[in-house]
Every structure is written in C-alpha cells, then in structure tokens.
Amino acid sequence: PSKAVDAGVGGLGAPPRRHMGLGEFLLKTPKPSDPPFGGRGWMASELRRKSFEDLHRLWVVLYKERNALLTRLARTTRVSARVQSNEERAKLAKVRKSMSRIKGVLGERRAAYKEARRAAAETPE
C-alpha cells in the first residue's frame, strides 16, 4: 500500500485516508449486524452547488463504488447468490444516476462558459 495520504473528499465529510491500491475497488462483505443500505443518489440541484474540485472528488468516489459493485455483482453471479445482488443492483443504479447527473451539471457549466465567452467576444469595448 502507498503511504500517500489524500486530502479527503472536501466538503463531503470523508476524513483523509491512506490509499489502499486495488483494495479501494473492493467492497467489504457486510456483517449481519450492519444496517441496510439506505442512501440515495445525488440530486442535480445539490451537485450544482459543488465546486469543480468537489465534483471531481465525488466522481472518483462514485467511480470506485461503481467498480466495487460491479466486481461484487460478477462474483455473486458466479456463485449464484441472488439475495444480495438485488440490493447491489439498486446501489449500482443510484451510483450510475449520480455519475450521470455530475456529467449533466458539468455540461451545463461548459455551455454557460461557452455562452459567456461568446457574449464577451461580441461586446464592443
């Protein structure tokens, strides 16, 4: 494992942690005492308030979560443990939707930037 420490996830409440290499992309097996997954995806209105850096950090977190879920789904499909796969498919759908919304917000920002540059170029000085 690398000893590099990242700056956390900015305003997302995650503390700084050590990089674990490929271990970052694997989910831990939930214990029976763990509460069930009850989170929700990010709303576009919430993402619009985030800075570019926060969106980038969130993208990385979601990317890792997506890869871990896909790995776990592939493993459960091989073992044919269908009980957990429905819950993981729901998690995966939320992660994918959040990633899609981040792309949408960045697209909106890019369009606004292009429009502002065009307007500035047309404005006589």
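Where a number appears in this text, it was derived from the coordinates with a stated rule and is not lab data. Please read these numbers as outputs of a predicted model, since none were measured by experiment. Here the Cβ positions follow ideal geometry from the backbone for every residue, glycine too, while neighbour counts run over all protein chains shown.
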So, over other residues within a Cβ distance under 13 Å of LEU55, counting Lys, Arg +1 and Asp, Glu -1, the net charge is +4
Computed ³J(HN,Hα) along the stretch 113-123: with the Karplus parameters 6.51/-1.76/1.60, θ = phi - 60°, integer Hz and x for glycine or proline, the list is 5, 4, 5, 5, 5, 5, 5, 5, 6, 7, 6
